[in-house]
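Worksheet: one structure, shown below.
The values are calculated or read from the model by the stated rules, or taken from the named source; none is laboratory data. As the structure is a computational prediction, the values presented were derived from the model and not from experiment. Note: ideal-geometry Cβ built from the backbone for every residue, glycine included; neighbour counts use all protein chains shown.
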Amino acid sequence: MQRPIVRRKAPTWQAGTLHPVLARVYAARGVRDADALDRSLQRLLTPDRLGGIDAAAQLLGESVRRARRTLIVGDFDADGATGSALMVRALRAFGAAHVDYLVPNRFEFGYGLTPEIVRVAMAHDPQLIVTVDNGTASVEGVALAREAGIDVLITDHHLPGARLPDANAIVNPNLPGDSFASKHLAGVGVAFYVLAAARRWLQTQGWFQTRPSPSMAAYLDLVALGTIADVVPLDANNRILVGQGLQRIRAGACCAGIAALLTVAGCTTAPITAVDLAFSVAPRLNAAGRLVDMSVGIECLLSDDPLRARELAEALHELNRQRREIEALMRDQVEAALADLALDAQPPMAMSFYHPDWHQGVIGILAARLRERTDRPVVAFAHDADSGLLKGSARSLPGVHIRDAIERVATHAPGLVLRFGGHAAAAGLTIEHARFEEFRTALAREVEVMLDGVAPSSELLSDGEIPAAQLDLELARLLRAAGVWGRDFGEPLFDGEFEVVNARVVGENHTRMVLRPCGADRYVDAIAFGCGTPPPPGSRWQIAYRLEVNEYEGLQRAQLNVVQLSEIAPAAPE
């Protein structure tokens, strides 16, 4: 699907010696001067304004002091895995005597601190349950735990429902009235802040007078990975967390599990970037939660033995390979479904898909692919054999708050949506199998109302044209090293007009090209993944691209990673 290219408006960079293209990129993202690029820990928001933080710090600190049996219950994605590993590692470093973790199997227990997972947790005989990246909606599960005499601390970032659980303490920057300035912390980020506050509380009690006082900065590699993996907006505070974590990873000061995952993913050249974490490390970690359960991922992140960490990383790599095979089969089925919808006609404002053979652990990825393919918010459903219900995963576009859209469906058609939760860009839900078509129609109608009948559209936001003389390795290296790129602080994308000098197919349907910027006497390498038929030599194209470093056999060259090709029609003869 050809998307319109819209160039970002870039205010004037105030001062400094930054490369002009990099200065333009930062300015277009609201960064106007060098001070705003400061990612030192001194600029990190303090925990004080997080609601519930004092009660949480005391609850967790007392658990450490009194050697209470503490059980961490995380979500089954990379955010939950990194947050769980962070909690276990930090509490043990604080001196906690009894810390264990439990991660729900998504196929058996569903999301959150459900009554079912609380019953499983009781076998560990915990005195305190700490949730990571879940729990805000777990009213029944928290009630069951409290009835059993178990204290509950919820650390989460998901939007709350109409009723909050009766936990001993809840820390979630998205609760009504919470005054914390950054509403975009990932679950691992919330866990980090709670642990930092607990460490400070323990210091006030003299706990570290006879034992080492660990630095919270030592865990920022986990925070960086979980934050990038969860695709939360990279506001200024999150850029500090990610930037500091990347510094540790680049310096070889990360945990053995992250180092092993980078190795099996082939990310062995410096500097490691946020893009490497997003597209190479996170999918391998997520594969465990999608196909089996996340315990193998958490064990990888907890291991201090490089050999054991490598063994677990290889297992995750194999699970990711299996996930890709399953996804490829599901994509073929999607193409058939899309052909039936005749997408050349006006599609509905939101789209829902279901196939009886789809894998419940992969529908989130599938929904994201469908969103890109259709330019619409998408819900993909899979059949849950145990309950007979349909489990759905939703992905949305900017401008459509998908959790709110599902809530509108639930409000206007009581009983249609049995359970749901999530945020603006992604959500999960459960419906009855027999009501799929009813839900499909209802969601499309609610999104149409939310958008006032104007179809959503995704644009390619471009940082403009790079002068031909600056399409070089120096700028490619600067862009790779400089950015903490992610959601709402997007990786730089440029566009320009190029003539194809030569092109050939390589690998699996990819096209390698040599291009000449129109009007310039120089050449640049380019790669277009999944391009299909190579463009003919001499043809001219409007190309959206990322400028990257291509390293091959120890040599580095600048290369355009082509995102979109739009042919420029030849000028009509006079």
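Tabulated data for the structure shown
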quantity	calculated
From 181, 196, 123, 217, residue being assigned by TED's automatic domain parsing to the domain that holds residue 235, free of Cβ contacts under 8 Å to residues at least 12 places away in the same chain and surrounded by fewer than 21 Cβ atoms within 10 Å (Cβ to Cβ)	123
Residue 420 being modelled with pLDDT of 90 or more and of a type in the set (Phe, Trp, Tyr)	no
Number of the condition not met by residue 185 [criteria: (1) part of a loop (DSSP other than H, G, I, E, B); (2) modelled with pLDDT of 95 or more; (3) more than 21 Å from residue 274 (Cα to Cα)]	(3)
Any strands (runs of 3 or more DSSP E) falling wholly within segment 447-536 and containing at least 2 residues that are in contact (Cβ under 8 Å) with a residue 40 or more places away in the chain	460-462, 494-506, 510-517
Single residue of 24, 43, 39, 7 found to be modelled with pLDDT of 90 or more, over 27 Å from residue 471 (Cα atoms) and not hydroxyl-bearing (Ser, Thr, Tyr)	43
Those residues of segment 375-414 which are hydroxyl-bearing (Ser, Thr, Tyr) and within 21 Å of the chain's Cα centre (by Cα), in sequence order	393, 396
Checklist (1) within 23 Å of residue 37 (Cα to Cα); (2) surrounded by fewer than 18 Cβ atoms within 10 Å (Cβ to Cβ); (3) hydrophobic (A, V, I, L, M, F, W, C) applied to residue 466, failing item	(2)
Residue count for segment 346-404, restricted to those that are in a strand (DSSP E or B) and farther than 18 Å from residue 232 by Cα	14
Residue in segment 243-256 that is modelled with pLDDT of 95 or more, more than 30 Å from residue 31 (Cβ to Cβ) and either in contact with a Lys or Arg (Cβ under 6 Å, 6 or more places away or on another chain) or assigned to a helix (DSSP H, G or I) (or both) present	yes
Failed item in (1) of a type in the set (Ser, Thr, Tyr); (2) crowded, with 23+ Cβ neighbours inside 10 Å; (3) in the same structural domain as residue 161 (by TED's automatic domain parsing), with residue 273 passing the rest	(3)
Single match in 140, 62 (criterion: assigned to a helix (DSSP H, G or I) and in contact with a Lys or Arg (Cβ under 9 Å, 6 or more places away or on another chain))	62
Any hit, segment 80-89, residues being closer than 20 Å to residue 245 by Cα and either surrounded by fewer than 24 Cβ atoms within 10 Å (Cβ to Cβ) or assigned by TED's automatic domain parsing to the domain that holds residue 488 (or both)	yes
Output for segment 405-416, where each listed residue is out of contact with any Asp or Glu (no Cβ under 8 Å at 6 or more places or on another chain) and not in a helix (DSSP H, G or I)	414, 415
Residue satisfying all of: in segment 209-221; part of a helix (DSSP H, G or I) and out of contact with any Gly (no Cβ under 8 Å at 6 or more places or on another chain); nearest to residue 84 (Cα to Cα) among these	219
All positions within segment 6-21 that are in contact (Cβ under 8 Å) with a residue 60 or more places away in the chain and surrounded by 18 or more Cβ atoms within 10 Å (Cβ to Cβ)	21
